[in-house]
1. Based on other C-beta atoms within 10 Å, arrange Val46, Val124, Val140 from fewest to most.
2. Which parts of region 105-142 would a label at Arg66 reach, counting a residue when its backbone N lies under 13 Å from a point 7 Å out along Cα-to-Cβ?
3. Just rank Cys48, Cys107, fewest to most, by other beta-carbon atoms within 10 angstrom.
4. In nanometres, what is the gap between the two model label sites at Ala24 and His167, each 7 Å from Cα along Cα-to-Cβ?
5. Please order Met164, Met28, Met196 by the number of other Cβ within 10 Å, starting at the fewest.
6. Shape of region 90-176 from its Cα gyration tensor (a ≥ b ≥ c, root eigenvalues): rounded if a/c is under 1.5, otherwise prolate when a/b > b/c, or oblate?
Amino acid sequence: MNRLLQQRIFWGDLSPFAYLSGGALLVMASDRVAHALTALVALIWVYCLSSLAAWGGARLFPVRGRSVLFAFLASFTAALYLLLLWILFPLGALQTFFVVAFIPILCAGSGIHRRLEGGNLARVLSLSLAEALVAGVLIVAIALIREPIGFRSLSLPGGPQGIMMFHPFGAESPLFLRLLSGSSGALLLLGYLLGMYRHFRIRRSIEGDDR
């Protein structure tokens with residue numbers, strides 16, 4: 001059961017990137033490693049806290065309209081995250097506002113609250129954390145490709161400007177490599193990764209049928 005869930009959460013219809021909002025979040029958040037790390041923490045925060053709130057208040061919520069309530073919970077937890085980010089790093093909060101704003105859309109659209117109904121606390125935390133990490137780690141991985149190649153730099157959240165820049169790679173990248181730092185380059189990279197994703201997904205399904 002757990003093995004099947006782990007396969008579906010990355011390769012199957014439970015993957016956060018099975019939804020359009022997941023692709024939009026990946027394109028926006030993966031331009032800088034600093035933004036990607038901020039998105040990773042925000043994903044864990046929103047998924048886990050909103051899922052815990054929905055699980056804890058399941059007996060109080062009406063049966064009808066739970067999707068709307070969960071969307072409200074996800075948006076509220078994202079707003080709390082932005083508030084804390086604003087207190088600690090005001091400029092960083094401004095730079096990642098739209099990135100964080102997309103996360104409640106992804107969380108509510110994934111239908112995770114329906115899959116958690118009737119589960120225990122351990123299942124709620126494990127499934128929420130797993131889905132958040134699938135999305136967040138992939139965003140960070142793409143950022144580690146886009147920023148060093150496109151900007152010849154690495155960044156971390158923090159500092160008076162909201163982002164701390166490091167330039168360990170020397171000269172500026174050629175123009176065709178700098179395209180990866182823009183949205184068009186991110187879409188090309190995303191299309192290539194989706195092609196690989198579908199290839200390995202079909203391959204795994206065929207291997208599963210053979211067994």
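No lab work stands behind these numbers, since they all come straight from the coordinates. All values reported here derive from a predicted model rather than from experimental measurement. Cβ coordinates were reconstructed from backbone atoms using ideal geometry, including for glycine residues, and neighbour counts include every protein chain displayed.
1. Values: Val46 27, Val124 21, Val140 17.
Arranged by neighbour count, lowest to highest, Val46, Val124, Val140 become Val140, Val124, Val46.
2. 111-120
3. On the way: Cys48 18, Cys107 29.
Fewest to most other Cβ atoms nearby, the residues stand as Cys48, Cys107.
4. Those two pseudo-labels are separated by 3.5 nm.
5. In increasing order of surrounding Cβ atoms, one gets Met196, Met164, Met28.
6. Values: a/c = 2.88, a/b = 2.23, b/c = 1.29.
Prolate shape, in that a/c is at least 1.5 and a/b is the bigger ratio.
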